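The values are calculated or read from the model by the stated rules, or taken from the named source; none is laboratory data. Remember, it's a predicted structure, so these values are computed and weren't measured experimentally. Glycine gets a Cβ as well: all are built from the backbone with ideal geometry, and neighbour counts include every protein chain shown. Protein only, heavy atoms only, side chains kept; ligands, DNA and RNA dropped before computing areas. Shrake-Rupley method; radii C 1.70, N 1.55, O 1.52, S 1.80 Å.
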Amino acid sequence: MRKIRKIILAYSGGLDTSVILCWLKEKYGAEVITYTANLGQSQSLDFIKEKAEKTGAAKAYMEDLREEFCRKYVLPALQAGALYEGKYPLATALGRPLIAKGLVDLAEKEGAQAIAHGCSGKGNDQVRFEVTARALNPEIIILAPLREWELNSREEEIRYARARSIPVEVSEESPYSFDRNLWGVSIECGILEDAWQEPPAGAFQITRPPQKAPDEPTYLEIELEEGVPSKLNGKTYPLVNLIEELNRIGGINGIGRIDMVENRVVGIKSREIYEAPAAVILHCAHRELEKLILDRETLHFKPIIAQKYSELVYNGLWYSPLRKALDGFIYQTQKMMSGQVKLKLHKGNCQVVGRRSPYSLYDRDLATYTKESTFNQKAAPGFIRIWGLPLKTMGKMRKK
Ligand code: ARG
């Protein structure tokens, strides 16, 4: 193995990655440079650089990737309709390849031999980081201290940290593990590991409990242009801000709480909860517009793509040729995806109550039951005879 002199560490400012910072320096005698990507995990990231330096980082990088995250990762997944196992909008899963890319780019710039992350050996995130990093730089050394070190519990980590005067915040005593970005919050551990127990109120970060949401519904009008959400209630927003705003409004209305048991890449079933108000609202709006605009064959085929797309993202295969190829298909389907959707948010429910588009295939003259109808009902009997011919033939055979 090459001598490791410089390591780029994916750093969140939390307990794990702070302890890892010290541990790597002690174990490898290497210089550790921290890398933190802002994907919209919280309002205040200012403390992170300072904390990294205090904890012994040679340098601390902070990169605002919110725009790139939304445009290049969240948007394609939205347009694909990608929901893992039908529910999870993939916030964490979409963030990992982008962070991994940031780590590899920085390693190349800094001449570092290795990158390091704070993922455990049981989760998906280690897979996503490492598959991506190796796809982008097959030579890079990847260190995952959590998988190999001797610290076996949170308490031991806290003891380790205190012994080296790493600041430990009280908030870090939460029983849950959180991962947050603009597309949602992922929550696990603690009582949530009991799949029978309802998630306690304290597990949620950005949504109100539906019963405490306003009694009056909130109406939203969302406009999409070529598959890109562009306006909210008539006002233009950059995608990042639109998502932030929908998280806020959706959160107040108790939208986007997801409770599921899912299949991890490593073969474990795990109980996870999510909060993704903007993702739930935008998937709802986008899906509705597709129902209006896409022809039946494309519309019915698209969920097959969505299923595969969600698996690729979840399984850490963002940088795969198949994902790129599917993007080509999705791109084709989005060219006419412009229009407006009216939504009603009320106590945890997000309901579509109206939709319109210049590209709508909904033709009221055809659909109407009034005398204005242009649909030729006389053509129906012949169609039905031929459509039903196989079953009629079978019916005759059975009778014999
Ligand atoms: N189960 C989700 C996923 O695989 C969430 C993972 C949360 N990650 C974390 N480090 N807490 O994408």
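Do we have residue 325 as of a type outside the set (Val, Ile, Thr) and either more than 27 Å from residue 245 (Cα to Cα) or within 16 Å of the ligand (Cβ to nearest atom) (or both) here? Working first, answer last.
On the way: of a type outside the set (Val, Ile, Thr): yes; either more than 27 Å from residue 245 (Cα to Cα) or within 16 Å of the ligand (Cβ to nearest atom) (or both): yes.
When the stated conditions are applied, residue 325 passes them.
Can you confirm whether residue 281 is under 30 Å from residue 346 (Cβ atoms), touching a Gly at 6+ places or on another chain (Cβ under 6 Å) and either open to solvent by 70 Å² or more (accessible area, probe 1.4 Å) or modelled with pLDDT of 95 or more (or both)?
Numbers: under 30 Å from residue 346 (Cβ atoms): yes; touching a Gly at 6+ places or on another chain (Cβ under 6 Å): yes; either open to solvent by 70 Å² or more (accessible area, probe 1.4 Å) or modelled with pLDDT of 95 or more (or both): yes.
Taking the combined requirement at face value, the residue satisfies it.
Could you say which residue among 251, 227, 234, 256 is touching a Gly at 6+ places or on another chain (Cβ under 6 Å) and not hydrophobic (A, V, I, L, M, F, W, C)?
From the options 251, 227, 234, 256, the qualifying one is 256.
If I ask for residues that are in a helix (DSSP H, G or I) and open to solvent by 70 Å² or more (accessible area, probe 1.4 Å), which ones from the range 175-205 would you list? Break it down into steps so the answer makes sense when it comes.
Let us first name the residues in the range 175-205 that are in a helix (DSSP H, G or I), namely 190-193, 201-203.
Answer for the range 175-205, where residues must be in a helix (DSSP H, G or I) and open to solvent by 70 Å² or more (accessible area, probe 1.4 Å): 191, 193, 201.
In the list 112, 52, 82, 57, which residue meets the criterion of being crowded, with 20+ Cβ neighbours inside 10 Å and either without any contact (Cβ under 8 Å) to a residue 24 or more places away in the chain or not in a loop (DSSP other than H, G, I, E, B) (or both)? Write out each step before concluding.
Values: 112 fails: either without any contact (Cβ under 8 Å) to a residue 24 or more places away in the chain or not in a loop (DSSP other than H, G, I, E, B) (or both); 82 fails: either without any contact (Cβ under 8 Å) to a residue 24 or more places away in the chain or not in a loop (DSSP other than H, G, I, E, B) (or both); 57 fails: either without any contact (Cβ under 8 Å) to a residue 24 or more places away in the chain or not in a loop (DSSP other than H, G, I, E, B) (or both).
So the residue among 112, 52, 82, 57 that is crowded, with 20+ Cβ neighbours inside 10 Å and either without any contact (Cβ under 8 Å) to a residue 24 or more places away in the chain or not in a loop (DSSP other than H, G, I, E, B) (or both) is 52.
Residue 168 versus (1) within 16 Å of the ligand (Cβ to nearest atom); (2) in contact (Cβ under 8 Å) with a residue 24 or more places away in the chain: which is the lone unmet condition?
(1)
Can you pull out the strands (runs of 3 or more DSSP E) entirely within the range 222-295 that have at least 1 residues that are under 24 Å from residue 69 (Cα atoms) and polar (S, T, N, Q)? Break it down stepwise before answering.
Details: elements: 228-232, 257-263, 269-275.
Because the criterion is at least 1 residues that are under 24 Å from residue 69 (Cα atoms) and polar (S, T, N, Q), the strands (runs of 3 or more DSSP E) in the range 222-295 that meet it are 228-232.
Can you tell me which residue in the range 115-142 is nearest to the ligand (Cβ to nearest atom), limited to those that are more than 30 Å from residue 261 (Cβ to Cβ) and crowded, with 22+ Cβ neighbours inside 10 Å?
Ranking the qualifying residues of the range 115-142, first place goes to 116.
Residues that are more than 16 Å from the ligand (Cβ to nearest atom), touching a residue at least 24 places away in the same chain (Cβ under 8 Å) and in contact with a strand residue (DSSP E or B) (Cβ under 7 Å, 6 or more places away or on another chain): does the range 198-207 have at least one?
yes
What about residue 310, is it within 16 Å of the ligand (Cβ to nearest atom) and open to solvent by less than 30 Å² (accessible area, probe 1.4 Å)? Explain how you work it out, then say what you get.
Details: within 16 Å of the ligand (Cβ to nearest atom): yes; open to solvent by less than 30 Å² (accessible area, probe 1.4 Å): yes.
For residue 310, the condition - within 16 Å of the ligand (Cβ to nearest atom) and open to solvent by less than 30 Å² (accessible area, probe 1.4 Å) - is met.
If we keep just the residues of the range 66-79 that are open to solvent by less than 10 Å² (accessible area, probe 1.4 Å) and over 25 Å from residue 299 (Cβ atoms), which is nearest to the ligand (Cβ to nearest atom)?
Per the criteria, the residue is 69.
Would you be able to say whether some residue in the range 53-60 is among the small types (Gly, Ala, Ser), within 16 Å of the ligand (Cβ to nearest atom) and out of contact with any Lys or Arg (no Cβ under 6 Å at 6 or more places or on another chain)?
Filtering the range 53-60 for residues among the small types (Gly, Ala, Ser) gives 56-58, 60.
Next cut, within 16 Å of the ligand (Cβ to nearest atom) only: none.
For the range 53-60, residues among the small types (Gly, Ala, Ser), within 16 Å of the ligand (Cβ to nearest atom) and out of contact with any Lys or Arg (no Cβ under 6 Å at 6 or more places or on another chain): absent.
Exactly one of these conditions fails for residue 161: (1) surrounded by 18 or more Cβ atoms within 10 Å (Cβ to Cβ); (2) within 15 Å of the ligand (Cβ to nearest atom). Give me its number.
All conditions are met except number (2).
If you take the residues in the range 85-109 that are of a type outside the set (A, V, I, L, M) and open to solvent by less than 20 Å² (accessible area, probe 1.4 Å), which one is farthest from the ligand (Cβ to nearest atom)? Break it down stepwise before answering.
Of the residues in the range 85-109, the ones of a type outside the set (A, V, I, L, M) are 85-89, 92, 95-97, 101-102, 105, 108-109.
From what is left, the residues that are open to solvent by less than 20 Å² (accessible area, probe 1.4 Å) are 88-89, 92, 95, 97, 102.
Working: 88: 7, 89: 10, 92: 4, 95: 9, 97: 12, 102: 17 Å.
In this case the residue turns out to be 102.
Spot the failing condition for residue 168; the list is (1) open to solvent by 60 Å² or more (accessible area, probe 1.4 Å); (2) outside any helix (DSSP H, G or I), and only one is missed.
Unmet for residue 168, out of (1) open to solvent by 60 Å² or more (accessible area, probe 1.4 Å); (2) outside any helix (DSSP H, G or I): (1).
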